[in-house]
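I have placed the structure first, in the form of structure tokens, so that the comments after it can refer back to it.
The values are calculated or read from the model by the stated rules, or taken from the named source; none is laboratory data. All figures in this text were calculated on a predicted structure; none of them were measured in a lab. Every residue, glycine as well, gets a Cβ built from its backbone with ideal geometry; the counts of neighbours run over all protein chains shown. These area figures cover heavy atoms from the full protein model, side chains too; ligands, DNA and RNA do not enter into them. Shrake-Rupley method; radii C 1.70, N 1.55, O 1.52, S 1.80 Å.
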There are 2 protein chains.
Amino acid sequence: MVPPVNSSGSTKERILGAAELLFAQRGFDGASLRQLTAAAGVNLAAVNYHFGSKDKLVEEVFRRRLDALNERRLAALASIAGAPQTTLEDVLEAFIRPALDLSHDDSGALFMRVLARAFAEHDDTLRQFLSVNYGHVMRQFTAEFARLLPQLSKEELYWRIDLVTGALTHAMSGFGMIQRKSDVSERAHREQTAQHLIRFAVAGLSHP
Amino acid sequence: MVPPVNSSGSTKERILGAAELLFAQRGFDGASLRQLTAAAGVNLAAVNYHFGSKDKLVEEVFRRRLDALNERRLAALASIAGAPQTTLEDVLEAFIRPALDLSHDDSGALFMRVLARAFAEHDDTLRQFLSVNYGHVMRQFTAEFARLLPQLSKEELYWRIDLVTGALTHAMSGFGMIQRKSDVSERAHREQTAQHLIRFAVAGLSHP
DNA sequence: CGGCCGTTCAAACGATCGTTTGAGCATACG
DNA sequence: CGTATGCTCAAACGATCGTTTGAACGGCCG
């Protein structure tokens, strides 16, 4: 039988883990399958056997994390959206908190950097994949922002969300100047990042 | 004689122009010397002859634009820094306006995207080059921000500047959702970008 | 036991990368 | 005129890339 859908486990998981690490460190083009499979302790051909191609592997790295992440984002949003006492902070929390919790897992934190890279690289294939599969999430959040900021024109709101996205991508990826101090745990640092980010975003979104 | 410092002009300029375009479109690794030299209409070996290596070419692309850009930034800052009536808007103007003027030139606008890529790619060599050669510019602006925002702790200020940097990089690079509408000139669009950016940054920097 | 099938493996494929080479060209100068 | 010099050119170098191949392995079932 031709290799079917198979969740063998160990080899696929090892590849996905190593891919997350190396993609975060060197980018999608920068990380070669030889480095990747060596890091995972598997044979070079295993990637094409289990995933079909390098591009499919990249998509799978995203799918594995984003499916769960965005489900939790939408659930958090649904529990507050439309309520009269909901604040901007609540909506931003709903977006950022699931990403923060993902970072409990060490490799989950890495994924945030992979995600930031996807935005930075101008690869249209990848951007289209993200837009098609997860665009509805951003649309739902945008709708709730629009409800909470009725004084803003649609254009003005889009501008501000766009700028917030830039700050968020920058901060969550760890690309900026701010580095975690050695006496602060990874978990505490990301919590701090989220706090700064939320207050910053609220100010940027709601200024007159 | 071994090839000396030589400003022959045409060939070097054509290479730099094509490099700016292709680096902006496909990244530094993504743009090959063969594509680049073909676009420039010069021989493949010309890059290594005139610049020594691809890495040196990348540095030269930055140096050509950043030298002039940051000189104008520092001049604009010097003319307002320390004055009692100077506002946050003034300082942000001093930083953003020269970049905006650079975009008068079409290829100048491209350079903004090249710059954003440099921040996104995690290449330590390039980041170090930028930090060593142009770090003093960011330091001067940070000092002026500190003067205008005395109520902020040093740490708080750094966080906010970092987030502003993210938004700025995102917006100036054209990576975001916001696309120029066909009935708006490139010049007007970048002016609009700057206006949104400055108001957004002021709100993000100065919120209580 | 014997055959099957999912998986792993070393090896090779062709393509493309940055860089180097050495001949060829044109201009300037003794 | 003849030689040196700055530059361009086609061709090749070795390295590395993603992908493919076909043999070998190993557990499971008839």
Checklist outcome for this item: Checked pairs for the stretch A:127-146, first within 14 Å of A:Arg73 (Cβ to Cβ), second at pLDDT 95 or above and open to solvent by 30 Å² or more (accessible area, probe 1.4 Å), C-beta under 6 Å and 6 or more apart or across chains, list as none
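Which helices (runs of 4 or more DSSP H) sit wholly inside the stretch B:30-108 and have at least 1 residues that are within 14 Å of chain A (Cβ to nearest Cβ) and away from DNA strand C (no atom under 16 Å from the Cβ)? Walk me through it before giving the result.
On the way: elements: B:33-40, B:46-51, B:54-78, B:88-102.
Once the helices (runs of 4 or more DSSP H) in the stretch B:30-108 are filtered for at least 1 residues that are within 14 Å of chain A (Cβ to nearest Cβ) and away from DNA strand C (no atom under 16 Å from the Cβ), what remains is B:88-102.
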Checklist outcome for this item: Going through the stretch B:123-154 in order, the residues found to be at the interface with chain A (Cβ under 9 Å from one of its Cβ atoms) and either over 17 Å from the mean Cα position of the chain (by Cα) or among the aliphatic types (A, V, I, L, M) (or both) are B:Met138
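Of the residues B:Asp123, B:Asp105, B:Asp101, only one is within 16 Å of DNA strand D (Cβ to nearest atom) and at pLDDT below 90; which? Break it down into steps so the answer makes sense when it comes.
Working: B:Asp105 fails: within 16 Å of DNA strand D (Cβ to nearest atom); B:Asp101 fails: within 16 Å of DNA strand D (Cβ to nearest atom).
Result: B:Asp123 is the single residue among B:Asp123, B:Asp105, B:Asp101 that is within 16 Å of DNA strand D (Cβ to nearest atom) and at pLDDT below 90.
Please pick out the residue among A:Arg26, A:Arg73 that is free of Cβ contacts under 8 Å to residues at least 60 places away in the same chain, open to solvent by 10 Å² or more (accessible area, probe 1.4 Å) and at negative phi.
Working: A:Arg73 fails: free of Cβ contacts under 8 Å to residues at least 60 places away in the same chain.
After ruling out the rest, the residue left standing is A:Arg26.
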Item to check | Failed criterion for B:Ser53 (all others in (1) under 16 Å from B:Arg127 (Cα atoms); (2) open to solvent by less than 40 Å² (accessible area, probe 1.4 Å) hold) | outcome: (1)
